[in-house]
Amino acid sequence: MRIETLAVHAGRGIDPATGAVATPIHLSTTFAREPDGGVPHGYVYSRFANPNRDSLEKCLVALEGGAAAAAFASGSAATAAILQALAPGHHVTAPVDAYHGTTKILRDVLGPWGLETTFVDMTDPGAVERAIRPGTKLVWIETPSNPLLRVTDIAAICGIARRAGLIAVCDNTWATPALQRPFDLGADLILHATTKYLSGQHDVLGGAVVAKREDEFFQRIRNLQIAGGAVPSPFECWLVLRGISTLFCRMPGPEKSPRKRYRGAPDGPAWRNALVPGTRREGAGHRGGWQAQAIHPCDEPGWPTEPDRASLLHRASGLPNPGKSPPGLSGPRASRRPDRRSRPGARLAFLESPAGLEYPVSGRRGPGGRPVRLWRTGRKVRTPQGRVVGNTDRG
Ligand SMILES: Cc1ncc(COP(=O)(O)O)c(C=O)c1O
C-alpha cells in the first residue's frame, strides 16, 4: 500500500463493538477483567496501553516502515525516554544545531545524571567520527535542524554509527515520513514531535519514538513510557491520527523543488537571507523540506512589525505549527549566537514560514487591488464533451 494511503488507513478500522467507521475515542482509564482475572481485549489500564494510543502507534509504524512505536505526551518526553534508556556514564554525540529543548535535556537534565554529550557539527561526518569514544552509545541526528535548517547526511552518519556499534536516532519532526525515510538510510530509531507537522493543527502536544526493530533497547523505552507515564491522552492520540490523515495534502510533493515551495514565504528584507533546506549542497537522502526560516535583528528595518500577507503572519513562540498554519514569528528573543550583522546585545528574531494550505499570495497588489498569486495551480474542469464546468483555481 502506498504511504499516502497508509496515512489515511493505517491503525484505523471498523469498530467491532459498534460498527463505527470513524475511530471512537476510548476515554476509559481501566478495562473490565474476566472472572478469572483475564483481560479479553488486552487492555488493563490506560497508562499501560489504550486503543487510541495503539491506533496512533500502529499508524506511525506503518508510515515510517518500522517494527514498533511508543507515543508520548510531547516530543520532548519522547526524546527524554530515548536518552534515559541509556545509562549514566554513556556518551552521546549530538548536533550543535538541534531543537533547544533536546540540547537542554542532554546538557542540563541528563548531564548531572551522568550522561555525557559531545555537540558536533552533524553536517560534517568527519567531526562525528572524531567525537566517538569508547563510552559512546548513541548518535543523535536532527535533520533539517531547528532552528538553522542544517541538513545532515543521514546515510553517512548512520554508516559511521553502524561501524562503531552505536544506536542512530533521527529526529524526523521537520521532514516527516512524507519527505524523509530515515530507516531506509540506516537509522535505528525515529523521533517525532507529533505536535508539529503530523498533527498539523496547533492544537495538540505529542511525541513518538518509532523503532526499526523491537529490540531490548526499544523495550527499555516502552518501560519508560509505561512506568514514567508521560503518555498522550486518548483524545490527543485521536487528534494526531486525524491530523496524519491530511499529512499528504499539507506536505509538498517531492517533485517540487525547495525554492518553488518557498515561493509562498513572506516578502521583505528579513527574508532575504532566509534559510531554506535543500538549497545548499546537501547529503544523500534529503528529499527536501518546505519550511523557510530567517534570523533578523528586531530593531533594524525589515523586521515585520505589522502583520503582512493579508494578516497571516502571527507572533507565536516555538515552531509555528506547520500543518495548515500561517507563517509565524518566533521571538523576538536574544540570540544565543553572536550575529555579525547586528550590534552586541541586539535582539534577534527567528522568523519561520511554513508553507501551509493557504493560497500563496505575494503581498503585492495587482489590478483592482487583487493580491498577486505566486503560482497558478488551477485547471479548468471539463465534462467529457469539453464543456468547462469549473476551475480548480479559486484564487
Ligand atoms: C525538531 C524538534 N524536535 C523535538 C521538539 C520537541 O517537541 P515538543 O514541543 O512536542 O516537546 C521540537 C519542538 O519544537 C522540535 O522542533
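Derivation of every value follows stated rules applied to the coordinates shown; laboratory data play no part. Note that the structure is a prediction, hence the values are computed from the model and not measured. Glycine also receives a Cβ, built like all others from the backbone with ideal geometry; neighbour counts cover every protein chain displayed.
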At q = 0.15 Å⁻¹, base-10 log of I(q)/I(0) for the stretch 3-249 (Debye sum, equal scatterers on each alpha carbon)
-1.00
Sort Val209, Val120, Val109, Val381 so that the residue with the fewest other Cβ atoms within 10 Å of its own Cβ comes first and the one with the most comes last.
Val381, Val109, Val120, Val209
Neighbour counts of other C-beta atoms within 10 Å: give me Leu60, Leu110 arranged from fewest to most.
Leu110, Leu60
Rounded to the nearest whole number, the Stokes-Einstein translational diffusion coefficient of the stretch 3-90 at 37 °C and 0.692 mPa s (Kirkwood radius, C-alpha pairs) in µm²/s is 215 µm²/s
Could you give me the ³J(HN,Hα) list for the stretch 101-106, computed from phi with Karplus coefficients 6.51, -1.76, 1.60 and θ = phi - 60°, whole Hz, x at Gly and Pro?
x, 5, 4, 5, 4, 5
In Å and whole numbers, how far do the C-alpha atoms of the stretch 88-204 stretch along each principal axis, longest first?
43, 31, 22
Can you tell me which of 145-156, 40-51 comes out highest on packing, and rank the rest after it, using the mean Cβ neighbours within 10 Å?
145-156, 40-51
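Ranked by Cβ crowding within 10 angstrom, fewest neighbours first, how are Lys58, Lys380 ordered?
By the 10 Å Cβ count, ascending, the order reads Lys380, Lys58.
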Would you kindly derive the ³J(HN,Hα) couplings of the stretch 190-205 from the backbone phi angles with the Karplus curve 6.51 cos²θ - 1.76 cosθ + 1.60 (θ = phi - 60°), listing them in order in whole Hz, with x for Gly and Pro?
10, 9, 10, 8, 5, 3, 9, 5, 5, 7, x, 10, 6, 10, 8, 9
Report the extension gain between Ala22 and Thr5 in nm, rounded to one decimal, defined as 0.36 nm multiplied by the number of residues separating them, less their alpha carbon distance.
4.5 nm
Residues meeting the amide H criterion for Leu138 (H placed from the backbone, H to H distance under 5 Å, 5 or more places apart or on another chain) are His91, Thr93, Ile167
